[in-house]
Amino acid sequence: MSALMRRYATSKIAGRADVDIAIVEFEKIDVPQGSTVSLRSCGGGITAWKGTNTSFPNAYGIYIVDSNVHAANSSLNITGKCALGRPWNAQMRSIFAYTYLDKSILSTGYIDWNPARYNNYTLQAEYRDYGPGYNVTGRQAAKFDVQLTPEEWAQESYNLAKTAVYNFSGDAGGSKFAFPAQKGEKDPCGPVAVYRLDAAYHDRAVAAVKEQMGKAGVRLAFLLRENLK
């Protein structure tokens, strides 16, 4: 089954609780760079996600990257009250990365659902967020918020490669291809399977390329901002 992806144009997203909730299985919500999440009040969490077990590692979830999260107006009494998200079920996956968080954000970031749903399958994470809503001490004490390392952030790209780039629908009737060997050397690979690329693969691959190019741009922008201050 191929992954579905919902992409928003750079935009403003406003809401009160669980602003961006996906109840469709196998769907990936990618909020693009430069978007604004405007908080009108704090109820459950900014994000919630209903994930599904798969027979392979997947990277389906909600990704908010290089964006701006803030109160809709200064009259709101929500300082330190808004959670980044909570797990719709145990397969919740939500990541905020390179994102500005205003003082509305809860010091510990994410929370659990009531009754509890957070477990070892849940990923509620951040990578290099900043702003008054990023409380280092609070995040260190957090039980439901993971701070990704550069290696773990890179692992997201690896998982995407496995689920999108190398997830072929089937080989082309058992066809094989042998790479030409260097002169005087044996082919170290041997014959390899030839795969048929269908329209669904094309759609997944194009979406993955756009996403990875966007992430690369965000990383470059972050490095430039940090080094040219």
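The values are calculated or read from the model by the stated rules, or taken from the named source; none is laboratory data. Just so we're clear, the structure is a prediction, and the values are computed from it rather than from any experiment. Note that we place each Cβ from the backbone using ideal geometry, even for glycine, and neighbour counts take in every protein chain shown.
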Test result for ILE95, closer than 14 Å to ILE62 by Cα, of a type in the set (Val, Ile, Thr) and touching a strand residue (DSSP E or B) at 6+ places or on another chain (Cβ under 6 Å): yes
GLY138 being assigned to a helix (DSSP H, G or I), at pLDDT 75 or above, within 26 Å of the chain's Cα centre (by Cα) and small (Gly, Ala, Ser): yes
Condition broken by ASN77, with the remaining ones in (1) over 27 Å from ALA208 (Cβ atoms); (2) polar (S, T, N, Q); (3) at pLDDT below 90 satisfied: (3)
Flag if GLU185 is under 30 Å from GLY80 (Cα atoms) and out of contact with any helix residue (DSSP H, G or I) (no Cβ under 9 Å at 6 or more places or on another chain): no
Output for the stretch 64-84, where each listed residue is within 13 Å of the chain's Cα centre (by Cα) and in contact (Cβ under 8 Å) with a residue 60 or more places away in the chain: VAL65, ASP66
Subset of the stretch 24-45 (residues that are at pLDDT 80 or above and β-branched (Val, Ile, Thr)): THR36, VAL37
Residue in the stretch 126-145 that is out of contact with any strand residue (DSSP E or B) (no Cβ under 8 Å at 6 or more places or on another chain), within 21 Å of GLN91 (Cα to Cα) and not acidic (Asp, Glu) present: yes
Contacts under 7 angstrom Cβ, first residue in the stretch 139-158 being within 15 Å of VAL65 (Cβ to Cβ), partner buried (at least 17 other Cβ atoms within 10 Å of the Cβ), 6 or more apart: LEU148/ALA125; LEU148/GLU126; LEU148/TYR127; TRP153/TYR127; GLU156/ALA59
Filter result for the condition that a residue is surrounded by fewer than 21 Cβ atoms within 10 Å (Cβ to Cβ) and within 22 Å of GLN140 (Cα to Cα), over SER107, SER74, SER94: SER107
The stretch 176-229, subset assigned to a loop (DSSP other than H, G, I, E, B) and hydrophobic (A, V, I, L, M, F, W, C), residue surrounded by the fewest Cβ atoms within 10 Å (Cβ to Cβ): LEU228
